[in-house]
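Okay, so here's the structure we're looking at.
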Amino acid sequence: MTRLYVLPQQCLLLMTCLLMALEAVPIDIDKTKVKAEGHVEGEKVENPDTGLYYDEYLRQVIDVLETDKHFREKLQTADIEEIKSGKLSRELDLVSHHVRTRLDELKRQEVARLRMLIKAKMDSVQDTGIDHQALLKQFEHLNHQNPDTFEPKDLDMLIKAATSDLENYDKTRHEEFKKYEMMKEHERREYLKTLDEEKRKREESKFEEMKKKHGDHPKVHHPGSKDQLKEVWEEADGLDPNEFDPKTFFKLHDVNNDGFLDEQELEALFTKELEKVYDPKNEEDDMVEMEEERLRMREHVMNEVDINKDRLVTLEEFLRATEKKEFLEPDSWETLDQQQLFTEDELKEFENHISQQEDELRKKAEELQKQKEELQRQHDQLQAQKQELQQVVKQMEQKKLQQGNPPAGPGGELKIQPPGEHKAGDAPQHPAGGDQPLPPGHAQEPAVRNDQLTNP
C-alpha cells in the first residue's frame, strides 16, 4: 500500500493526505553506490513535524484517510485547484463507514483537547482582558459547531487552515530570525555599556575581528545554478563533472522517487555551499544564521523554478529552469554576512519594545512584592494576636491557682473531680442539719416531727 508522508512545508497538497513523499536523506550519500531498500507494507514511518499546533490531529486524519482506497485514488488524480476549491473534500461522503467512524472519534478528541486548553488559558487570566477572538482561532481547522461528526466541511477547513498557516510559515521564520539578530546586537551593546573605555575597545576590536574571519570564506555558488549543481554532482555524488546531466541529477536527488523535488530535498542540495561559510566548531559561525541561509536558498530556487507554485519541483519544471540564462550565467549570491539585516531605526524600535516589556514586568514584580509584604504583615499580626491570647490564658490559669480554683484544661475546661472520688483523708464537709445531699449509697433518715417526740 502506498503511504502518504507529510512534509512540513508542502502547504497545498500536504493537507489532504496530500503528497506521497519520504523524509529526505542527507545529500552526501552516494545513491549510485547504495542499494535502495523498499519499505515494508504497514511499516510505521515517522513524519516531520509541520510546526502547526494541530499537527497531531492533521497526521491522524491523514493516516485514516489513506486507508480508504477510493479516496486515495481520487487524491492521485486531483490537481491543486480541486484540492483548494474543496472539490476533493466532497469525496469524503463516499469513504467507508469505518473510516468515517474513526474520523468522528478523532474530531471529538481534538475538540475536547482544544476546550481543555482554552479553559486552562482562561483560568490563568484573572482580569477581564481576554481576547476571545484569538481563542476562537484555535478552532479554525475544524467545525466546532458540530463537535461530534467529521464532515466534508471539516476536511475543507483543515485544508484551508493548514494551507494558510504553512504559506506564512517561512515569513514567520524570517521575522523570528530578524528578532534574534536584533536581540544579539542589543545584548552586545548593553554589555559594552558595563565596561570601561579600555575593555570596551578590546571587545569591539574582537567583534570586528570575528566578523572579518566569518566573512573570509570560499565563493558561494548561486543556489540552483549549473555550477552549484555540478559541485554537488562531483563532490557529494562522486560523479564526473564533465558528464553532468540535469535529468539524471533530478532522478538521483528525488530520494523518494515520487517524481518531485520537495522542499527538504532541495534544501539538502545546499549543504556543500553552507559548509563553506559555517562550521559549528568556529566561535564566529552562528548555526542559527546557517539555517536562515538555507531557507533563503530554498526560497530563491522555488521562486525561480516552481512555475505552478505548488511548492514542488517536477522534472519538467527542473529541466526548463536549466535552459534559462540564469542557470548558466547567474548573478553572484550574497550571503547573510554581506547584507544589512536591520536598520538602526528598526533596532531602536525593537529596543523600545523590549524596554516597555521590561517596565511592565518590573511593575508586575513590584505589585507582587507589595502583595508579598502585605501577606507577611498580616501573618505577623496574626502571630502577635495568637501570642497575646496565649499570654492571657496563661495569666488566667495562674490567677485561678492563686485563688485555689482548679486550673483549666488544655481546652479551657475546669478540672473538677467527680463526686465520690475524693482523695484519701478528705471527708465531705457538710454542716449539721445542712441541706447538702449525702453521697450515693447513703439512705437519708426521715425527719422527726415534734409531736412524735411527745406522743410515744
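The values are calculated or read from the model by the stated rules, or taken from the named source; none is laboratory data. No experiment lies behind these values; they were computed from the predicted model shown. When we count neighbours, we look across all protein chains shown, and the Cβ atoms used for this are built from the backbone with ideal geometry, even at glycine. Heavy atoms of the whole protein, side chains included, go into the accessibility calculation; ligands, DNA and RNA do not. Shrake-Rupley method; radii C 1.70, N 1.55, O 1.52, S 1.80 Å.
Considering only residues that are without any contact (Cβ under 8 Å) to a residue 24 or more places away in the chain, part of a helix (DSSP H, G or I) and open to solvent by 50 Å² or more (accessible area, probe 1.4 Å), which ones fall in region 302-321?
ASN303, GLU316, ARG320
Among the listed residues ASP279, ASP285, which satisfies the condition of being open to solvent by 30 Å² or more (accessible area, probe 1.4 Å) and not basic (Lys, Arg)? Quick ask: steps written out before the conclusion?
On the way: ASP285 fails: open to solvent by 30 Å² or more (accessible area, probe 1.4 Å).
None of the others qualify; the one that does is ASP279.
In region 227-247, is there at least one residue being in contact with a strand residue (DSSP E or B) (Cβ under 8 Å, 6 or more places away or on another chain) and open to solvent by less than 10 Å² (accessible area, probe 1.4 Å)?
So far as region 227-247 goes, no, none of its residues is in contact with a strand residue (DSSP E or B) (Cβ under 8 Å, 6 or more places away or on another chain) and open to solvent by less than 10 Å² (accessible area, probe 1.4 Å).
If you check GLN340 against the conditions, is it closer than 30 Å to LYS184 by Cβ, part of a loop (DSSP other than H, G, I, E, B) and modelled with pLDDT under 95?
Yes, satisfied.
Taking the stated definitions as given, is ARG200 outside the structural domain of LEU328 (by the TED database) and open to solvent by 70 Å² or more (accessible area, probe 1.4 Å)?
no
Condition check ((1) modelled with pLDDT of 85 or more; (2) under 30 Å from PHE207 (Cα atoms)) across all residues:
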position: GLU82; (1), (2): no, no
position: GLU91; (1), (2): no, no
position: LEU103; (1), (2): yes, no
position: GLN109; (1), (2): yes, no
position: ALA112; (1), (2): yes, no
position: HIS174; (1), (2): yes, yes
position: HIS186; (1), (2): yes, yes
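Return the only residue of GLU289, GLU273, GLU283, GLU299 being part of a helix (DSSP H, G or I) and farther than 25 Å from LEU315 by Cα.
Working: GLU273 fails: farther than 25 Å from LEU315 by Cα; GLU283 fails: part of a helix (DSSP H, G or I); GLU299 fails: farther than 25 Å from LEU315 by Cα.
Just one listed residue meets the conditions, GLU289.
For every residue, the table says whether it meets (1) without any contact (Cβ under 8 Å) to a residue 60 or more places away in the chain; (2) open to solvent by 50 Å² or more (accessible area, probe 1.4 Å).
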| position | (1), (2) |
| --- | --- |
| TYR54 | no, no |
| TYR57 | no, no |
| GLU66 | no, no |
| GLN76 | yes, yes |
| GLY86 | no, no |
| ASP93 | yes, yes |
| HIS97 | yes, yes |
| ASP104 | yes, no |
| LEU117 | yes, yes |
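Can you find even one residue in region 312-324 that is touching a helix residue (DSSP H, G or I) at 6+ places or on another chain (Cβ under 6 Å), of a type in the set (S, T, N, Q) and modelled with pLDDT of 90 or more?
yes
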